[in-house]
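Data first, discussion second: the structure below is written as structure tokens.
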Amino acid sequence: MTPGQPPHEIAFTLNGKPFTATVDNGTSLMEVLREQAGLISPKNGCAPQGSCGCCTVLVDGRALSSCVVPAGKVEHKHVLTLEGFEPRERHIFAHAFSVAGGLQCGFCIPGIVVAAKHLIDAHPDPTRRQIAEALNNHICRCTGYVKIVDAIDLAARALRGEPLPPADYSGRIGSSLPRQDAERFVLGEQPYVDDLKMEGMLYGAFLFSAHPRARVRRIDTSDAASQPGVARVVTAADVPGERYQGLIYKDWPLFVAAGEVTHCIGDILAAVVADTDRHARQALEHIRVEYETLPGVFSPEQALTPGAPRVHPDHENLLSRSVIARGDVDATLAASAFVEKRTFTTQMIEHAFLEPEACIAVPGGWGFPTSPVGDVAGFVETSGVGAGDWGCEGRSDAIAESRLPRRSLRPSSQAKSGIPNPELVVFSQGQGVFDDRRQIASFLGLDESQVQVTLVSNGGAFGGKEDLSIQGQVALMAVLTARPVKATLTRDESIRLHPKRHPMTLTYTVGCDRHGHLTGLRARIVGDKGAFASVGTKVLERAAGHAAGPYRVPAVDIESLAVYTNNLPCGAMRGFGANQAAFAIESMLDILAERAGIDAWEMRWRNALDAGDTFCTGQVLEHAVGLKDTLLAVKDAYYGSPRAGIACGIKNVGIGNGMPEAGQAVVDVTADGRVVIHTGFTEMGQGFYTAMIQCLCDVTGLDPRLVRTQVDTAHPTPCGMTTASRATVLGGRAVQDAARQIRRDLGPGVGLIDLAGRRYYGEYRAGDTTPLGADVERPRTHMTYGFATQVCILDGHGRLESFVAAHDVGRVINRHMVEGQIEGAVHMGLGYALTEELKLVDGVPESFKLRSLGLIRARDMPDVKVILVESLDPEGPFGAKGVGEIGLVPTAGAVANALYRFDGVRRYALPMKDSAAARFMPGTRG
Ligand code: FES
Ligand code: FES
């Protein structure tokens, strides 16, 4: 290929058949496969970075990332994608991953399956080490690789002729029912938003601010508007409703207007809608912006300096202050046998979910998008639209048409959902369809009833998809052009846009008596909020509430601050402030244990919370406090190695602190005798859908293969965000409620088909909680808590050797999924402890590369052993607690304490890159 080569045809063999593609010198093989061949198993996780492996295919037998292979290079070669595997191979891989629990969000899996075939073709009997090595070019952010390696091992055995174990379809609580649609995910057939298309669809792209803080003097879009294929250029001037949105504070402008000052480099200044993604992106380069750069504030210290520039003109840089005070800390510290004071710092990290943000908005009357593999399970039935209704009406391919004057939204003739005439349907992968809808409607100046948000498969989130990303802007583009519009962020753009984990500085003063019993704790915590509030006030509130860890501390004096800066915004991320606090308190416990002359396990045992004890927030824990059981579960592991570090963790389940919490479920029995559970919580790989099916089937005895779970705003299930490990508890209780009604109606001689057409409504409202610091005698800050103890064991060289995670999960609903949540969280926690960082210089990441984030690869993971402890919780369905977050709350503390035992160096800053454990993981360095 030569630079500037015009479009021309190339021929190659694709999945055994001749294929001709039209390419130019900028066309990648992945683009050809996805856009021209209509294949969706190669997923786009980071193109053109070549970092994630999601797009892996075989080219003449070599496993390559198709996003970095120029299409011209495959001329006359043989390309094999998952779609072209032999039927037996497809069946074996699909079944093996499904029964081994080898997938969560599923986005990484098709690429991994291609790598697995490549390995097994060469080594039919691979060792676990060989399997892990073969995944070196792949990232999975969900699983921690444990069950992926299990699945590949199982597939290799089956390909050698061994029988595959059957899937467990009992549907009972505690069984390992495969994830809903598992086999479709493994084969790459289950579409994510970016896999969907419809005729007449336009494509959106965004212009981000070039500077973290600058006055935007002028945005000139005239040249861009006349570029090839461009239908419309959109700016703040086009917004008909409220331009500023936000989950708690409306401080986030979805477009920054000319004349305003930018907040960070994630600010969007303009967007282009065009006939192709490429045309939209090319036109962006023709938008001219005049900036006046201004000094910014890039640390909380800078931001709190008197006279510092304000990030938001109408709000001081101190966004919030959370305080907890119980007892006389000065007196208890003065009377303590030992008192230590230390300061800890934690870093910003990136969620690195594998599926970048994508959205499709469809004006009423256009029908629904489809995928190249046909059925899009998940929203067909949800919307009440059968396969015969999938045609698009009023479509036109002529771009000129979309330049016609704005067509007003009209009632959809196809709208058959619970909402009368939704005039805009938004296909999202966000973490809360109802919060998305509220903000989209407000942004567009529409009534909420005019907008429907439907969840398409979510390729990972971890808190990073709680805020609106691009749903508002894409919805506006669809309204302005009266055409369906899709936009998908590149990895670089994704890193710019969504909130990160808060960096924090935590100064602790902690005392204990001569037996190691904690006496008093003072903590001062400052969090870098970045440019927008997001849910940061709650994150810092949670850091304060978890500052004392799962320990009895008679007197506490805690303050946490959330401070605006011009850095990328920070918000929700798995653990939600508890992780930062845990690193500090777990290090302090070991420091004090050493002073008191007792070992780290004993120190924790003497201080561990039990039923009847008072938590840091003042809440008396009444039941289901399984912390001591988790300590007992790891006792042998801890005492079995001189290089073992131990840490405990506590994590609230439910948002709490005064927020009302409820779950709802609408359960429909369909005409063909199937069951659909409608809920508002998001499935993002954590197994929520499957857990709901088990909650229903355990009560009713129904076959889980007859049941599926779906999410949209068309049903009255306005539960709020999928956050704070609460979806399983609230959703599960609501489903249980509905399931009992179904069981009552089923009976001798009455089968499911006899209930066809019936709808059941289940609901659960958690008891009230009290705001943090409320002046009440017996505060109840959260509905319940999860507990854990983890042990990190290093080898004689200081490398990670093994890791033991004992968790009080209340009750196991799905064993594979609970284990998988914890294994994946430990993987994330080890990265947080040792290697992960998104380093900013004056508000700009040093690198936007996924490869540079320090994510731990499969070959560098230690053996992870999960021990599940059950302490039935009356709050949860069947006694279950949420486990989505706590898996990494203690991890960094356990690693820090192990490192100290190995080399005698006490580390106060994350990530601990100087340690031998980190240095032995070269794969994490970009
Ligand atoms: S999309 Fe190709 S490696 Fe990530
Ligand atoms: S299952 Fe691997 S990234 Fe989600």
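The values are calculated or read from the model by the stated rules, or taken from the named source; none is laboratory data. On a predicted model such as this, the values are computed, not experimentally measured, just so you know. Here the Cβ positions follow ideal geometry from the backbone for every residue, glycine too, while neighbour counts run over all protein chains shown.
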Worksheet item: Looking at the stretch 860-917, which of the residues that are in contact with a Lys or Arg (Cβ under 8 Å, 6 or more places away or on another chain) and of a type in the set (Ser, Thr, Tyr) is surrounded by the most Cβ atoms within 10 Å (Cβ to Cβ)?
Response: Ser915
Practice prompt. Would you be able to say whether some residue in the stretch 81-97 is within 16 Å of ligand 1 (Cβ to nearest atom) and touching a residue at least 40 places away in the same chain (Cβ under 8 Å)?
Written response: yes
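Yes or no: the stretch 182-201 includes at least one residue that is in a strand (DSSP E or B), touching a helix residue (DSSP H, G or I) at 6+ places or on another chain (Cβ under 8 Å) and closer than 30 Å to Leu568 by Cβ.
Start the filter on the stretch 182-201 by keeping residues that are in a strand (DSSP E or B), which leaves 192, 197.
With the extra rule that they be touching a helix residue (DSSP H, G or I) at 6+ places or on another chain (Cβ under 8 Å), the set shrinks to none.
Looking for residues that are in a strand (DSSP E or B), touching a helix residue (DSSP H, G or I) at 6+ places or on another chain (Cβ under 8 Å) and closer than 30 Å to Leu568 by Cβ, one finds none in the stretch 182-201, hence no.
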Worksheet item: Taking strands (runs of 3 or more DSSP E) that do not extend beyond the stretch 494-583, which have at least 3 residues that are closer than 18 Å to Arg604 by Cβ?
Response: 504-512, 518-530
Worksheet, complete the sentence: Apart from one, (1) more than 20 Å from Leu830 (Cβ to Cβ); (2) at pLDDT 95 or above; (3) of a type outside the set (A, V, I, L, M) all hold for Gly618; the odd one out is (2)
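For the subset of the stretch 278-293 comprising residues that are touching a Gly at 6+ places or on another chain (Cβ under 9 Å) and over 23 Å from Val239 (Cβ atoms), which member is surrounded by the most Cβ atoms within 10 Å (Cβ to Cβ)? Let's see the steps before the verdict.
Within the stretch 278-293, the subset touching a Gly at 6+ places or on another chain (Cβ under 9 Å) is 278-280, 282-283.
Pick out the ones that are also over 23 Å from Val239 (Cβ atoms) and you get 278-279, 282.
Values: Arg278: 18, His279: 21, Gln282: 18.
Looking at residues that are touching a Gly at 6+ places or on another chain (Cβ under 9 Å) and over 23 Å from Val239 (Cβ atoms), I get His279.
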Discussion item. I'm trying to understand the selection: among the residues of the stretch 741-770, which are surrounded by fewer than 12 Cβ atoms within 10 Å (Cβ to Cβ) and within 14 Å of Leu696 (Cα to Cα)?
Written reply: Arg744
Fill in: Residue list for the stretch 45-59, filter: closer than 16 Å to Glu355 by Cβ and either within 12 Å of ligand 2 (Cβ to nearest atom) or part of a loop (DSSP other than H, G, I, E, B) (or both)
Gly45, Cys46, Ala47, Gln49, Ser51, Cys52, Gly53, Cys54, Cys55
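Only one of these is crowded, with 24+ Cβ neighbours inside 10 Å, under 25 Å from the mean Cα position of the chain (by Cα) and either acidic (Asp, Glu) or more than 16 Å from Met573 (Cα to Cα) (or both): Ala547, Ala523, Ala533. Name it. Full working, then the answer.
Working: Ala523 fails: under 25 Å from the mean Cα position of the chain (by Cα); Ala533 fails: either acidic (Asp, Glu) or more than 16 Å from Met573 (Cα to Cα) (or both).
Among Ala547, Ala523, Ala533, only Ala547 is crowded, with 24+ Cβ neighbours inside 10 Å, under 25 Å from the mean Cα position of the chain (by Cα) and either acidic (Asp, Glu) or more than 16 Å from Met573 (Cα to Cα) (or both).
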Worksheet entry | Search result, residues across the stretch 155-171 that are in contact with a Leu (Cβ under 9 Å, 6 or more places away or on another chain), touching a residue at least 12 places away in the same chain (Cβ under 8 Å) and not in a loop (DSSP other than H, G, I, E, B) | Ala155, Ala156, Ala158
Discussion item. Only one of Ser449, Ser469 is assigned to a loop (DSSP other than H, G, I, E, B), more than 16 Å from ligand 2 (Cβ to nearest atom) and of a type in the set (Gly, Ala, Ser). Can you tell me which?
Written reply: Ser469
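So that you can scan it fast, the table gives a plain yes or no per residue for (1) of a type outside the set (Lys, Arg); (2) farther than 20 Å from Gly820 by Cα:
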| residue | (1), (2) |
| --- | --- |
| Ala880 | yes, no |
| Val883 | yes, no |
| Asn897 | yes, yes |
| Tyr900 | yes, yes |
| Asp903 | yes, yes |
| Lys913 | no, yes |
| Ala918 | yes, yes |
| Met921 | yes, yes |
Discussion item. I'm checking my understanding of the structure. Among residues of the stretch 844-858 that are away from ligand 1 (no atom under 14 Å from the Cβ) and surrounded by fewer than 20 Cβ atoms within 10 Å (Cβ to Cβ), which one is nearest to the chain's Cα centre (by Cα)?
Written reply: Ser847
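How many of the residues making up the stretch 595-634 are part of a helix (DSSP H, G or I) and either in contact (Cβ under 8 Å) with a residue 40 or more places away in the chain or in contact with a strand residue (DSSP E or B) (Cβ under 9 Å, 6 or more places away or on another chain) (or both)? Steps first, please.
At the first step, the residues of the stretch 595-634 found to be part of a helix (DSSP H, G or I) are 595-596, 600-607, 627-634.
Cutting the leftovers down to either in contact (Cβ under 8 Å) with a residue 40 or more places away in the chain or in contact with a strand residue (DSSP E or B) (Cβ under 9 Å, 6 or more places away or on another chain) (or both) gives us 595-596, 600-604, 606-607, 627-634.
Counting residues in the stretch 595-634 that are part of a helix (DSSP H, G or I) and either in contact (Cβ under 8 Å) with a residue 40 or more places away in the chain or in contact with a strand residue (DSSP E or B) (Cβ under 9 Å, 6 or more places away or on another chain) (or both) gives 17.
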Worksheet item: Does the stretch 859-879 include one or more residues that are at positive phi, assigned to a helix (DSSP H, G or I) and in contact (Cβ under 8 Å) with a residue 40 or more places away in the chain?
Response: yes
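So which of Val329, Val323 is surrounded by 19 or more Cβ atoms within 10 Å (Cβ to Cβ) and closer than 29 Å to Thr537 by Cβ? Show your work before the answer.
Working: Val323 fails: surrounded by 19 or more Cβ atoms within 10 Å (Cβ to Cβ).
None of the other options fit; the residue is Val329.
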Practice prompt. Just name the residue that is nearest to ligand 2 (Cβ to nearest atom) out of those in the stretch 77-112 that are farther than 18 Å from Ser65 by Cα and in contact with a Pro (Cβ under 8 Å, 6 or more places away or on another chain).
Written response: Gly101
Worksheet item: Looking at the stretch 49-79, which of its residues are within 26 Å of Glu162 (Cα to Cα) and more than 16 Å from ligand 1 (Cβ to nearest atom)?
Response: Gly61
Worksheet item: Within the stretch 227-261, how many residues are loosely packed, with under 15 Cβ neighbours inside 10 Å, in contact (Cβ under 8 Å) with a residue 40 or more places away in the chain and either touching a Ser or Thr at 6+ places or on another chain (Cβ under 6 Å) or farther than 20 Å from Ala531 by Cβ (or both)?
Response: 2
Item to complete: Out of Ala774, Ala806, report the one residue that is of a type outside the set (D, E, K, R), in contact with a Ser or Thr (Cβ under 9 Å, 6 or more places away or on another chain), buried (at least 22 other Cβ atoms within 10 Å of the Cβ) and more than 30 Å from Asn137 (Cβ to Cβ).
Response: Ala806
Worksheet item: What pairs come up if the first residue lies in the stretch 353-364 and is under 16 Å from Gln450 (Cα atoms), the second is of a type in the set (Gly, Ala, Ser) and outside any loop (DSSP other than H, G, I, E, B), and their beta carbons are under 6 Å apart, counting only those six or more places apart or on different chains?
Response: Ala361/Ala475; Ala361/Ala478; Pro363/Ala478
Discussion item. Among the numbered criteria (1) without any contact (Cβ under 8 Å) to a residue 60 or more places away in the chain; (2) touching a Cys at 6+ places or on another chain (Cβ under 6 Å), which one does Gly732 miss?
Written reply: (1)
Worksheet item: Would a scan of the stretch 665-687 turn up a residue that is among the polar types (S, T, N, Q), buried (at least 18 other Cβ atoms within 10 Å of the Cβ), farther than 22 Å from Leu830 by Cβ and touching an Asp or Glu at 6+ places or on another chain (Cβ under 8 Å)?
Response: no
Worksheet item: With the stretch 281-376 as the region, which strands (runs of 3 or more DSSP E) entirely inside it contain at least 2 residues that are touching a His at 6+ places or on another chain (Cβ under 8 Å)?
Response: 288-293
Worksheet item: Which one of these does Arg62 not meet: (1) crowded, with 22+ Cβ neighbours inside 10 Å; (2) more than 16 Å from ligand 2 (Cβ to nearest atom)?
Response: (1)
Discussion item. I'd like to check something: does the stretch 142-164 contain any residue that is within 30 Å of Val866 (Cα to Cα), surrounded by fewer than 18 Cβ atoms within 10 Å (Cβ to Cβ) and hydroxyl-bearing (Ser, Thr, Tyr)?
Written reply: no
Worksheet, complete the sentence: Expected output for the stretch 29-40 (first residue assigned to a loop (DSSP other than H, G, I, E, B), partner within 14 Å of ligand 1 (Cβ to nearest atom), Cβ below 7 Å, 6+ apart or cross-chain) is Leu39/Leu33; Leu39/Thr81; Ile40/Arg34; Ile40/Gly188; Ile40/Asp195
